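Enquirer: Here it is: the structure, laid out below.
The values are calculated or read from the model by the stated rules, or taken from the named source; none is laboratory data. Predicted model, so just to flag it, every value in this text is computed and none were measured. Here the Cβ is made from the backbone with ideal geometry for all residues, glycine too, and neighbour counts use every protein chain on show.
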Amino acid sequence: MAVDRSKLLDAAFLAALESTPLPCGSAPALDAPLAPTSSLTGRMLLELFESQVVARHLDLEARELKRRNEGFYTIGSSGHEGNVVLGRLVRETDPAFLHYRSGALMVERARQRPGATPIFDVLLSLVASSDDPVSGGRHKVFGSPTQWVPPQTSTIASHLPKSLGCAFGIERARALGLPLPIPVDSIVLCNFGDAGSNHNVAQGSFNTAAWCAHQHLPLPLLFVCEDNGIGISVRTPQGWIAKRMSAHPGIHYVAGDGLDLQSAFDAAQEAVEHCRTRRRPVFLHLRTVRLLGHAGSDVESEYRTRADIEATEAVDPLVASARMILALGLDTPAGLREQYESVRRRVAAAAREAASRPKLMSAAEVIAPLAPLDSAAIAAEAARVAEPAMRLAQLPAGEVLPELSDRPRHLAVQLNRVLHEVLLKDPATLLFGEDVARKGGVYHVTSGLAETFGDGRVFNTLLDETSILGLAVGAAHLGFVTMPEIQYLAYLHNAEDQLRGEACSLQFFSKGAFRNPMVVRIAALGYQKGFGGHFHNDSSTAVVRDIPGLVVALPCRGDDAVLMLRTAHAAARVNGAVVAFLEPIALYMTKDLYADGDGLWLTSYPAPGESAAIGSARVHADGEGADICVITYGNGVWLSLRAARRLRKERGCSVRVLDLRWLRPLDRATIVAEARRAGRVLIVDEGRRSGGVHESVAAVLLEELQENMPRVFTVCAEDTYTPLGPAANTVLPSEDGIFTAALRLVSAARGGVA
């Protein structure tokens, strides 16, 4: 039977109180500094110790709750209690992105907020109660809307990029003269472990911070690495973090001993002051230890010797703090023992109460804060436009407002115009990414925007999709609507967790108390000519459609792009929505539909105030009747309309083409209505056969139509990467393939999905 080390650690602390030699002299004055070069006082020391004790008993109680099947989380903070100094030295208005070993830090930070109840809040989270004031029982997190601690579930340092984005946002708001919800001299704190610091997201964040510092861009970001020397069972090479980070250009390095409150306090104070006054990134390296394993289920004896475990327990920071107090004569062994046991009783009583509190009982309760959309408020915001005089002032001499022009334009131009429109009406909207500024993007969609709105609002970033999205997420915490560009859909795969694990989870894990409004523009899909291969012809819509709460927009024409971007921006602004706005590259410059020079893929600019509701499809049809309903999106719309014309001219078939436009959520009502009208459905999906949009469309038909299920055929891309050159056309849907499948469908007997 495994030894219960939590009970041994508990007993060892009490024993240490009795074995500590007591001082002969008098105790220092409570408010006098304990060292000539430090501002740490006896009173502070006693309060810091109290917070450490509370954090320790929360860890111990978490294991008791687990034993009683009342608690669900046992990753604790034991050994990391030295981070308590950051709870004292960093203001409650400084945004803090904290990892899961931040118990003492959070308890001490709560001291800045009269009436805060950190013990009960943590316990409600441990038992997954719906009364949990942070996540409402959705996860064990540290967080507080009133103390600027957005809840994190990050386990691999994936919160570092958005921490950087938040620090960037403070300075960008100040430069633009925009209001901030926090003081202008705020800094951003993020902490993490030594193992997490090796992850690519952490290394990318350090690199981006240094990249900013090299260009003298202010970035008040305090990285705190709590180095316990081990990641689950994998050792961190001794000296690795110090050697790596002390020499990192552009980042000020400070080291402290988290097992010694005096050292930890002094190092943290230096780091905080440097960060706040210099507005530069700082790396605070705190020595810690990990006590009681990675979590309650972790049997350390499987990969560590007993001697090693005992040696770690022998440097328990709680013992070190108690001995410091006793050595200074600030308290007695009996006094500290009573304090320790008193906190134990308080925590145990609060745990019993927390365990009795209600839990989430339905899917509706769980989902409620995920991605709320108020259609009326979104429509109202989309209808809000800048004054015509403001819009005219931004135009070159002699040009008219786009909606008054009698010259229809292609998708790229209309996107440029609507981006101009939303940037003008909302001064807190930022547009950025690789090449978006002076070059205007690889496909010139953002041409001229940097010149019009300035480098403060339209700017280039370094080539790192994780940092681009992290910048967007973090700045959006402060009230910006961020519009990052990912140059190709295939590049999103490098950084998809910034959407899945960070951006889209924020409202869910904070009960809507925090938001990060974003519209992520992504050049996407296939059919490029002369510039191909799988990196530039990626139709993997499945990667974004699978992210909970993410809205996925995909316009194929210029007018739809305008209507949908207005809506996407409005949803971000009023509801904190995160939107993936996929733009079909092959249709950016397309002008013609049926024949060269017909100009039928050009569109007029929709009047200001018009928009397209989220989840609303668009039907292209010559009349009411139809032999076939083609359900598609993106390039599939262009191809299907061409095939439909051939079917009408050559075979007399009437075809209605349904452009889904929004791939998440789908317009279920229109899908069903159009399928019922035609009785035959052809789903054209340039996504791959496995995991494509067609699977969801077919499921809608099966669920809604049951016995009246129409005959359904599909035309999909093959389950392969897209090759270079003409071979690409062999694995993607084609006009001929759609035409042939439609003929088969017309002649087939009524049946099921094929």
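Enquirer: So is Asn69 under 30 Å from Asp298 (Cα atoms) and assigned to a loop (DSSP other than H, G, I, E, B) or not?
Expert: yes
Enquirer: Condition first: out of contact with any helix residue (DSSP H, G or I) (no Cβ under 7 Å at 6 or more places or on another chain) and surrounded by fewer than 20 Cβ atoms within 10 Å (Cβ to Cβ). Now tell me which residues in segment 681-695 satisfy that.
Expert: Arg689, Ser690, Glu695
Enquirer: With respect to Glu50, is the statement that it is in contact (Cβ under 8 Å) with a residue 12 or more places away in the chain, assigned by TED's automatic domain parsing to the domain that holds Val319 and either over 24 Å from Cys225 (Cβ atoms) or assigned to a loop (DSSP other than H, G, I, E, B) (or both) true?
Expert: The answer is yes for Glu50.
Enquirer: Just give me the residues in segment 131-171 being in a helix (DSSP H, G or I) and surrounded by fewer than 24 Cβ atoms within 10 Å (Cβ to Cβ), in sequence order. Give the steps one after another, and end with the answer.
Expert: Filtering segment 131-171 down to residues in a helix (DSSP H, G or I) leaves 160-171.
Correct list: Glu171 only.
Enquirer: Let me spell it out: the conditions are (1) outside any helix (DSSP H, G or I); (2) within 36 Å of the chain's Cα centre (by Cα), and Asp331 meets all of them except one. Which number is the exception?
Expert: Result: Asp331 passes all but (2).
Enquirer: Starting from segment 171-195, take each residue that is within 30 Å of Val234 (Cβ to Cβ) and list its partners that are surrounded by fewer than 14 Cβ atoms within 10 Å (Cβ to Cβ), counting only C-beta distances under 8 angstrom and pairs at least six apart or across chains.
Expert: From segment 171-195, the pairs are Ala195/Ile232; Ala195/Val234.
Enquirer: Does Gly76 satisfy the criteria of being in a loop (DSSP other than H, G, I, E, B), surrounded by 24 or more Cβ atoms within 10 Å (Cβ to Cβ) and either without any contact (Cβ under 8 Å) to a residue 24 or more places away in the chain or in contact with a helix residue (DSSP H, G or I) (Cβ under 6 Å, 6 or more places away or on another chain) (or both)? It would help to see each step written out before you state the result.
Expert: On the way: in a loop (DSSP other than H, G, I, E, B): yes; surrounded by 24 or more Cβ atoms within 10 Å (Cβ to Cβ): yes; either without any contact (Cβ under 8 Å) to a residue 24 or more places away in the chain or in contact with a helix residue (DSSP H, G or I) (Cβ under 6 Å, 6 or more places away or on another chain) (or both): yes.
Criteria met by Gly76.
Enquirer: Looking only at segment 404-436, filter to residues that are outside any helix (DSSP H, G or I) and β-branched (Val, Ile, Thr); which one of those is nearest to the chain's Cα centre (by Cα)? Talk me through it step by step, then tell me what you get.
Expert: Of segment 404-436, the ones outside any helix (DSSP H, G or I) are 405-410, 426-436.
The next check asks that each one be β-branched (Val, Ile, Thr); those that pass are 429, 436.
On the way: Thr429: 18, Val436: 22 Å.
Among residues in segment 404-436 that are outside any helix (DSSP H, G or I) and β-branched (Val, Ile, Thr), the one nearest to the chain's Cα centre (by Cα) is Thr429.
Enquirer: Moving on to the next point. I'd like to know if segment 73-95 contains one or more residues that are at pLDDT below 95 and among the hydrophobic types (A, V, I, L, M, F, W, C).
Expert: yes
Enquirer: Determine which member of the set Leu658, Leu554 is in contact (Cβ under 8 Å) with a residue 40 or more places away in the chain and touching a helix residue (DSSP H, G or I) at 6+ places or on another chain (Cβ under 7 Å).
Expert: Going through Leu658, Leu554 in turn, just one is in contact (Cβ under 8 Å) with a residue 40 or more places away in the chain and touching a helix residue (DSSP H, G or I) at 6+ places or on another chain (Cβ under 7 Å): Leu658.
Enquirer: For Phe432, are the conditions met, namely being within 26 Å of Val201 (Cβ to Cβ), surrounded by 17 or more Cβ atoms within 10 Å (Cβ to Cβ), aromatic (Phe, Trp, Tyr) and not assigned by TED's automatic domain parsing to the domain that holds Thr93?
Expert: Spelling it out, Phe432 is indeed within 26 Å of Val201 (Cβ to Cβ), surrounded by 17 or more Cβ atoms within 10 Å (Cβ to Cβ), aromatic (Phe, Trp, Tyr) and not assigned by TED's automatic domain parsing to the domain that holds Thr93.
Enquirer: When you scan segment 707-729, do you find a residue that is touching a residue at least 40 places away in the same chain (Cβ under 8 Å), closer than 30 Å to Lys529 by Cβ and either loosely packed, with under 12 Cβ neighbours inside 10 Å or not assigned by TED's automatic domain parsing to the domain that holds Arg676 (or both), even just one?
Expert: yes
Enquirer: Here are some residues: Phe480, Phe535, Phe459. Which one is crowded, with 20+ Cβ neighbours inside 10 Å and on the phi < 0 side of the Ramachandran plot?
Expert: On the way: Phe535 fails: crowded, with 20+ Cβ neighbours inside 10 Å; Phe459 fails: crowded, with 20+ Cβ neighbours inside 10 Å.
Every option except Phe480 fails the conditions.
Enquirer: Further, regarding this structure: Determine whether Ile547 is buried (at least 19 other Cβ atoms within 10 Å of the Cβ) and under 30 Å from Gly479 (Cα atoms).
Expert: yes
Enquirer: Could you tell me whether segment 632-646 includes any residue that is in the same structural domain as Phe739 (by TED's automatic domain parsing), modelled with pLDDT of 95 or more, crowded, with 20+ Cβ neighbours inside 10 Å and in a strand (DSSP E or B)?
Expert: Yes, there is a match, as at least one residue in segment 632-646 is in the same structural domain as Phe739 (by TED's automatic domain parsing), modelled with pLDDT of 95 or more, crowded, with 20+ Cβ neighbours inside 10 Å and in a strand (DSSP E or B).
Enquirer: Out of Ser734, Ser690, which single residue is among the hydroxyl-bearing types (Ser, Thr, Tyr), over 21 Å from Lys529 (Cα atoms) and not assigned by TED's automatic domain parsing to the domain that holds Thr567?
Expert: Ser690
Enquirer: If you don't mind, another one. What's the total number of residues in segment 245-269 that are assigned to a helix (DSSP H, G or I) and either in contact (Cβ under 8 Å) with a residue 60 or more places away in the chain or surrounded by 17 or more Cβ atoms within 10 Å (Cβ to Cβ) (or both)? Give the derivation first.
Expert: At the first step, the residues of segment 245-269 found to be assigned to a helix (DSSP H, G or I) are 245-246, 261-269.
Among the residues that remain, those that are also either in contact (Cβ under 8 Å) with a residue 60 or more places away in the chain or surrounded by 17 or more Cβ atoms within 10 Å (Cβ to Cβ) (or both) are: 245, 261-269.
Looking only at that region, the number is 10.
Enquirer: Looking at segment 671-706 only, could you name the residues that are touching a residue at least 60 places away in the same chain (Cβ under 8 Å) and more than 23 Å from Thr541 (Cα to Cα)?
Expert: Gly679, Arg680
Enquirer: Right, here's the next one. Go through Glu341, Glu313 for me and flag whichever is surrounded by 16 or more Cβ atoms within 10 Å (Cβ to Cβ) and not polar (S, T, N, Q).
Expert: Glu313
Enquirer: Quick one: Thr93 ticks every box in (1) crowded, with 21+ Cβ neighbours inside 10 Å; (2) in contact with a Pro (Cβ under 7 Å, 6 or more places away or on another chain) except a single one, so which number is it?
Expert: Every listed condition holds for Thr93 apart from (1).
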